[in-house]
Amino acid sequence: MDIGSFFQTLLTPIKWVIEALLVGFHWLLTTLGMNPAGGLTWVLSIVGLVLVVRALLIPIFVRQIKSQRKMLEVAPQLKKIQDKYKGKKDQFSREAMQRETMELYRKAGTSPFSSCLPLLIQMPIFFSLFSVLNEARNDKAGVGLLTRELSDQFYNAELFPGAGLKFSIQSALEHNPVLWPVVILAAVMVVAMTASQFVTQLQIMAKNQSPEMKESPMFRQQRILLYILPLVFAFSGFAFPIGVMFYWLTSNVWTMIQQFLVIRNMPTPGSEAALAREARLAKRARRKMGEDAAALEAAEAAEQETKKATTQRQQPVGKSRAKKSGGNKR
């Protein structure tokens, strides 16, 4: 068994679950009256599949964020250890630095691998997603509920006339005649994918970096990736079929929104986003205090009005009225 076959065997259980989700959404949309062979039905099935998978990965994503936060907390102490043994290349110094580093990670309850582990868990899932969609667009039956009939429907599905989900920009240009609807749709999607990836990286770089992180070599590497990753999407999008591009675009939009919410509610300590969050919380607290003070003043005013009305109803009887009343008795 070669490496490729071994890898596909490992992915089989994940692919089975993904096919079940894809076919499940397709059945639901068909039950609601949509065309089972229609391109829109399959596109919405792909979108639903991606949303469910990404939602299931939220706990892993949160764990990754927490691990990265802990690594940031120990970064100053780690730098002190590295500076302490800087230039010392003897075996004793290297072992001492390694011991102190591991002890620092142990006390903090983290390690460099803990922040990478969630990403490693996600990779087989995304490979399986891509594999299932790629096999469907090549008119191959899946490993589970994606039958040959369903695969044929996906293979021949068109989002609109001339825009088949199996075509990419490359295959559309090679087709005779050229499938311009595919080229135009795919080009728009490539631009959207590139823009969403750029915005995701930009909001991390601009708002969620502490001053210490901005001085680190990692920040300079991230600045380079800010411009390289969108270009990767732009060039790879040339060969991606439309069906697979809908998966990437949906996933990119999810990531962009998810990063926005994380940066707004769980920003890196000391970053611009953290300062903005503190300002929002302080403003909210002042507004709450103002509302409470206004409610207290209104309650006190109502209480004073009640006392005043009660006093007026209990006014004493006048002397003239008292004498008149006494004369009548006599």
*Among the residues of the range 37-57, write down those that are open to solvent by 50 Å² or more (accessible area, probe 1.4 Å) and within 22 Å of LEU165 (Cβ to Cβ).*
LEU40, LEU44, LEU51
*State yes or no: is LYS15 of a type in the set (Lys, Arg), modelled with pLDDT under 90 and under 27 Å from the mean Cα position of the chain (by Cα)?*
yes
*Determine whether GLN64 is out of contact with any Gly (no Cβ under 8 Å at 6 or more places or on another chain), at pLDDT below 90 and either surrounded by fewer than 16 Cβ atoms within 10 Å (Cβ to Cβ) or among the charged types (D, E, K, R) (or both).*
no
_For the range 199-222, give me the residue count where each residue is over 21 Å from SER251 (Cα atoms) and modelled with pLDDT of 75 or more._
1
*Out of the residues in the range 230-271 that are more than 15 Å from the chain's Cα centre (by Cα) and more than 23 Å from ILE46 (Cβ to Cβ), which is surrounded by the fewest Cβ atoms within 10 Å (Cβ to Cβ)?*
PRO269
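The values are calculated or read from the model by the stated rules, or taken from the named source; none is laboratory data. Predicted, not measured: the structure shown is a model, and the values here were computed from it. Cβ: placed from backbone, ideal geometry, glycine included. Neighbour counts: every protein chain shown. The protein model used for the area step is the full one, side chains on, heavy atoms only, and it has no ligands, DNA or RNA in it. Shrake-Rupley method; radii C 1.70, N 1.55, O 1.52, S 1.80 Å.
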